[in-house]
1. Report the Cys residues of the chain lacking a disulfide-compatible partner, meaning no second Cys Cβ under 4.7 Å from their Cβ.
2. With a cut-off of 8 Å between alpha carbons and a minimum separation of six or more residues, what is the relative contact order of region 233-364 in percent?
3. At a 1.4 Å probe radius, carbon and sulfur cover how many percent of the accessible area of the chain?
4. Let me make sure I get this right: for region 1-152, a, b and c are the square roots of the gyration tensor eigenvalues over alpha carbons, sorted descending. Under 1.5 in a/c it's rounded, otherwise prolate if a/b > b/c, else oblate. Which is it?
5. Given an 8 Å cut-off on Cα distances and at least 6 residues of separation, report the relative contact order of the chain as a percent.
6. How high is the relative contact order of region 154-279, in percent, with contacts defined as C-alpha pairs under 8 Å that are six or more residues apart?
7. Using +1 at the C-beta of Lys and Arg and -1 at the C-beta of Asp and Glu, which of PHE184, ALA174, ILE148 has the Cα lying farthest in the positive direction of the dipole of the chain?
8. With runs of 4+ DSSP H residues as the only contributors, calculate the mean residue ellipticity of the chain at 222 nm using -39,500 (n - 2.57) per run, divided by the residue total and rounded to the nearest 500.
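The values are calculated or read from the model by the stated rules, or taken from the named source; none is laboratory data. The structure presented is a predicted model; accordingly, all values stated were derived computationally and were not measured. We place every Cβ from the backbone using ideal geometry, glycine too, and count neighbours over all the protein chains shown. Remember, those area values only see protein heavy atoms, side chains included, never the ligands or the DNA or RNA. Shrake-Rupley method; radii C 1.70, N 1.55, O 1.52, S 1.80 Å.
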Amino acid sequence: MNTVVPVPSTFELPTEAFDGVGDRAFGIYVHVPFCATRCGYCDFNTYTAGELGTSASPQSWLEGLRRELDTAAGLMQARTGRVPTADTVFVGGGTPSLLGGDGLADVLGAVRSSFGLTDGGEVTTESNPESTSPEFFDRLRDAGFTRISLGMQSAAPHVLAVLDRTHTPGRAVAAAKEARAAGFEHVNLDLIYGTPGERDSDLDQSLAAVLEAGVDHVSAYALIVEDGTAMARKVRRGELPAPDDDVLASRYERIDTAMNAAGLSWYEVSNWATDADAQCRHNIGYWDGGDWWGAGPGAHSHIGGTRFWNVKHPAAYADRLATGHLPVHGSELLSAEDRHLEELMLTVRLRSGVPMRLLGPAERAAAEQTVADGLMVRRGERLVLTDRGRLLADAVVRTIAAA
């Protein structure tokens, strides 16, 4: 089993974690913890201005981010003799677009000055459609961003209202077109399906809007009611119904049909792209077991089989860095069994499938049963989910892992 331990301010990665660093894919994730409002379904580590008061600001966060990245690069240099160059950068949150084009340019500048960026590196930022503009996208393009991911969620006003999303229904499509006009070849729109009160016609309206935008990537996620959120409280009080599994499955099939008809193919259970170039390389790094440094309050990292995560509050994050220490709050060392299970869980969800070499004899027998059940198919030396299998991906993992 993996061992979770609290981490003192003088955090050190185990020596074995550095083996092969720089030979595997290496990404930088930057967490921006600021939001203008809090969406009722969201349990991410985010804060509104009213919640933060004067304890933290975008400026203090950026100063801390620079310190963390410089300290992390220095640690890599000291332990391996080199600093791994980032293949991908992903700025998420929260609402990164609240920083504006200049603020996000500063973020990318901090990554470049500490770790550097490979030629042809992928640089993505998430954005709320309401806090973008043509000038915003022009500034990001000039700064070196290569990919935009926009939170659309739905095109139906009443669905957005249930989700507490503040953008107008047509703004996401307009923002996607502005990004493409600024020269971004790679633009993603995020959808959430299964929101209480959503009808098939609402989803169809959202899908039509996505396709009108002409994006080359779509992510679609079933609504999950997370404990501790405003939505969870409404469901508990009976004000909203809980998402229905059968409805979620039907909606997923509806999305997949629309994506296929428009020339977007699934490459991960919740992600569709027009071709390999349009796929999100940063996320593929996660799924393929690469290394990444997560910078920012609450960000998670993975280096050579060790996971660690930062303190959550922006003020605590800045304070820890001001003392010259990494802002790490906890860590876990993955055992060989943990790493095997994780690789199985991630590769099952990919269109490239599970390599047979990954499976032991009992697991192979269980996997063959999933083939017999119509949940997977053999493609050479790999097992790939069928259309029905994608609806039951978690069950497939449980079946194989229990063997």
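1. CYS35, CYS280
2. On the way: 124 pairs, mean separation 21.4, N = 132.
The value is 16 percent.
3. Details: 8610 of 16970 Å².
Carbon and sulfur atoms account for 51 percent of the accessible area of the chain.
4. Details: a/c = 1.95, a/b = 1.35, b/c = 1.45.
Oblate, since a/c reaches 1.5 and b/c is not below a/b.
5. Relative contact order, the chain: 20 percent.
6. Working: 155 pairs, mean separation 32.3, N = 126.
Once normalised by length, the contact order is 26 percent.
7. Among PHE184, ALA174, ILE148, the one farthest towards the positive end of the dipole of the chain is ILE148.
8. On the way: 15 runs with 163 residues, N = 403.
For the chain, the value works out to -12000 deg cm²/dmol.
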